[in-house]
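Okay, structure first, notes after.
Just so you know, all these numbers are worked out from the coordinates, no wet-lab data involved. Worth saying up front: this structure is predicted, and the values here are computed from it rather than measured. Positions of Cβ are backbone-derived with ideal geometry, glycine not excepted, and every protein chain shown enters the neighbour counts.
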Amino acid sequence: MARPLPFNIAVVSTVLFVSFTNFVCCNNGRRVGDVMDTEFGGFSVPLEHSFEVDDIAKFRVRGALVLKAGREPSVSLTQSQLSEEDRSKLKEVAAVDGLYRIRVPRVFLQADRQTERQMEGYLTAFVRACAMVESHLSDVISLHTDVSGYLIGVSIVTLPGACRGTEVEDEVDLEVFNTTLGVMAPVNAPGPETALFLERMDMETEKKGKNPQEQKSFFAKYWYLILGGAIFLMVSNSAQPPAGGGSEQS
């Protein structure tokens, strides 16, 4: 007995839907450092950190930098809490004056430009682990870009930045990161005002041409002094007596 046509269409649609769903769910394998799609409509790249007592870096994910689409860099940060094991380890590293490191991949900060250039390694920065502990995980991370928006540097500082040996309760003060994220783009320096300088020189030259008084020679400027000196010499010479004496005749 032949089945109704609507029933056959429903069966085929169900099979296709299940197959498509399995493909979407299973096609999400990513390596650490790969650019990832996000539910925010952009991309994200991992923010990783490392703090080890033996000072050998072993990076693991701290959070993600979410890149928004647009001409200007728009980046936000999502982070997880530190586990109890990580809190204890961070305090141990701080006790031996070790380092707290972060790293991010070298990528474009515009989500719509990720295909223009492949990721080329990582950018790393560090602070003293004791500063990270005593600041209660309060840090400032700055991302530095070139003129095209490509990430060329990263820096991290803590607030406060000094280590004073203050006791910190890890269960209370070392759970949640308090991070300020900033993007530092290059600023074009003002170029030399060559055109304005040449214009001023032309104006000065034209002004001097209209005022010939400024172009007079030394004699033209001080003729009255020279003439007065000459007259004084003439008067002085005429007033002098004859050089020879007269002879008396009897």
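Observations, loosely collected:
- Computed packing ranks the peptides 125-133, 95-103 as 125-133, 95-103, most packed first, by mean other Cβ atoms within 10 Å.
- Once both labels are positioned 7 Å from their Cα atoms along Cα-to-Cβ, the gap between GLN79 and ALA162 label points is 2.3 nm.
- Computed from label points 7 Å out along Cα-Cβ, the spacing between VAL183 and TYR122 is 2.3 nm.
- The range 84-127 - percent relative contact order, Cα under 8 Å, separation 6 or more: 41
- Working from label points 7 Å from Cα in the Cα-to-Cβ sense, the SER142 to ASN237 distance is 8.2 nm.
- Calculated Rg and Dmax of the range 43-184 using C-alpha coordinates, Å: 15.5, 48
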